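Novice: Before anything else, here's the structure in question.
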Amino acid sequence: MELENLKHIWATQTTPGTPEPGSEELLALLQKKSRGPVARMRRNLACEGRIILFTYIPTIVFCQIEFQGHLSILSALLFGIGLFFGIYYYRKMQLLNEMQCVSCMVRSNLARQVTTLRKYIRFYLVSGTAIIPLTAFLSYVILHWKFPVRPATGTRVYHLLEPSPWWASPIFWLLLMVPLTIGSYYLNAWYINKLYGRHIKKLQELLREMDEE
Amino acid sequence: MQAPELQEAFIRLMNEHRGILHKVCRLYCFTEIDRQDLFQEIVIQLWRSFPSFRGEAKFSTWLYRIALNTAISDLRRQQRRITPTDPDLLPTELQDIQYNGEKEEQLQVLYNAINRLTEVEKALTMLYLEDKSYQEMEEILGISQNNLRVKMNRIKEKLRKMTKETAYGIGKP
């Protein structure tokens, strides 16, 4: 079978089984939401953002006004983490907006998707891991600020050796932070690979196929 | 251009070129539901990009780019694809085609063979069958003309082998 001889058959083929949408149906299609991969990622991110917004704002307000302001420092901590999420959300949305150019040439669109998705994954991994030491550090600073450890007074030896509370020790925080950060890194890496691993691999394969001679 | 006029112009162009969209959907999807989904997705992407269409490229070039970008990038739909090795899993329309002529038979053999190509090869085959020049193919795909020629020769050879195998009952789906 020669491809050249099939051009006429190809040009005159009908589409059996496929109902032809009329102008009204086409108009209705224009109102629908995209179900493409990038649109889905954007919707998931927006949903994530709304969840953070709807849980953090009431909690921050609650901590600020209840208990005669004793928990206001907690609201400051939540505000700090919320701010981190704001930057995280903004950057991810920025990358998603850059991710595809459907009217560009197929090869350049694929290359753009691979590059941006790589950046997106790296950012996801770094920010997902960084949240643990950041929270630990903020908690440590707040605890030290709210409950300062008084320096040992007195001249007797037992006064100087008086132990400070366990939570005030930076070693405790380090011991807590290091395994949690490492664990969080591997957990994030596994989850991100589960979400995007196959996708990026397939995109890379397509790009490689386009480039090879 | 105002929104209603824009919509009207878009619908008119869609009606003129819908054959291309159906061919892309038929090439990249195996079931009717997936085909309708892809058709919808391509129309949405075309509509979103339509206000930025400046006419620098031919309308058909622009349309092919968007249709192929949408079809190739949607890997989820491709993963749902059923490999056409089991006759019971052939697309219904192929099974239902009445053998009322050599033309239909040849078209069916061609589709069966194309289904075994990669996503990139499918795009190239389609543009070739649409009688696009290598210059136009380059503008759509972004692959150099020399590379396109090499790839096209390879695809032709591959399809020749596949259809020969089918004719002799080897690897017949």
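No lab work stands behind these numbers, since they all come straight from the coordinates. Keep in mind that this is a model prediction, so the values were computed, not measured. Cβ atoms come from the backbone with ideal geometry, glycine included; neighbour counts cover every protein chain shown.
Novice: Report, to one decimal in Å, the Kirkwood hydrodynamic radius for region B:1-81 based on all distinct Cα pairs. Spell out each step's value before the answer.
Specialist: Values: mean 1/r = 0.0761 Å⁻¹.
Hydrodynamic radius (Kirkwood, Cα pairs) of region B:1-81 is 13.1 Å.
Novice: Give me B:144, B:73 sorted ascending by neighbouring Cβ count inside 10 Å, so fewest comes first.
Specialist: In order of increasing Cβ crowding within 10 Å: B:144, B:73.
Novice: If you don't mind, another one. What are the ³J(HN,Hα) couplings of region B:155-161, residue after residue, when phi is run through the Karplus curve with 6.51, -1.76, 1.60 and θ = phi - 60°? Round to Hz, x for glycine and proline.
Specialist: 5, 4, 5, 4, 5, 4, 5
Novice: Related question: Enter the mean number of other protein chain beta carbons within 10 Å of the beta carbon of each residue in B:11-23, as an integer. Write down the numbers at each step before the final one.
Specialist: On the way: counts 6, 1, 0, 6, 5, 0, 0, 4, 5, 0, 1, 5, 4.
Other-chain Cβ atoms within 10 Å of each residue's Cβ, averaged: 3.
Novice: For A:26-38, what's the mean count of beta carbons from other chains sitting within 10 Å of each residue's beta carbon?
Specialist: Details: counts 10, 6, 1, 9, 10, 2, 5, 1, 7, 8, 11, 5, 2.
Neighbouring Cβ atoms belonging to other protein chains average 6 per residue here.
Novice: Could you give the nm distance between label points at residue A:135 and residue B:36, where each point is 7 Å from its Cα heading toward the beta carbon?
Specialist: Once both label points are built, they end up 4.5 nm from each other.
Novice: Cross-link partners among lysines for residue B:103, C-alpha distance below 16 Å, same-chain residues fewer than 8 apart left out?
Specialist: Reachable lysines: A:7.
Novice: Same structure again: So how far, in whole Å, is the C-alpha centre of region B:1-25 from the one of region A:125-143?
Specialist: 52 Å
Novice: Also: Order by neighbour count: B:58, B:151, fewest other Cβ atoms within 10 Å first, most last.
Specialist: Going from least to most buried by this count: B:58, B:151.
Novice: Can you tell which of A:24, A:48, A:66 shows the greatest fluctuation in a Gaussian network model of chain A with Cα springs below 10 Å?
Specialist: For chain A, modelled as a Gaussian network with Cα springs under 10 Å, the answer is A:24.
Novice: If the rule is a partner Cβ under 4.7 Å, which cysteines in chain A fail it?
Specialist: Lone cysteines by the Cβ rule: A:47, A:63.
Novice: If you don't mind, there's one more thing I want to ask. Give, as ranges by residue number, the residues of region A:105-125 whose backbone N falls under 19 Å from the point 7 Å along Cα→Cβ of residue A:204.
Specialist: A:107-125
Novice: Just to be sure I understand the model, the point goes 7 Å from the Cα along the line to the Cβ. What's the resulting residue A:169 to residue B:156 distance in nm?
Specialist: 7.9 nm
Novice: Residues of region A:115-131 with amide nitrogen under 20 Å from the 7 Å Cα-to-Cβ point of residue A:189?
Specialist: A:117-131
Novice: Can you sort B:133, A:23, B:49, A:75 so the residue with the fewest Cβ neighbours within 10 Å comes first? Can you show the working numbers first?
Specialist: Working: B:133 10, A:23 13, B:49 17, A:75 20.
Least to most surrounded, the residues fall as B:133, A:23, B:49, A:75.
Novice: In nm, to one decimal, how far is the modelled label at residue B:58 from the one at residue B:146, with both set 7 Å along Cα→Cβ?
Specialist: Result for the modelled spin labels: 2.5 nm.
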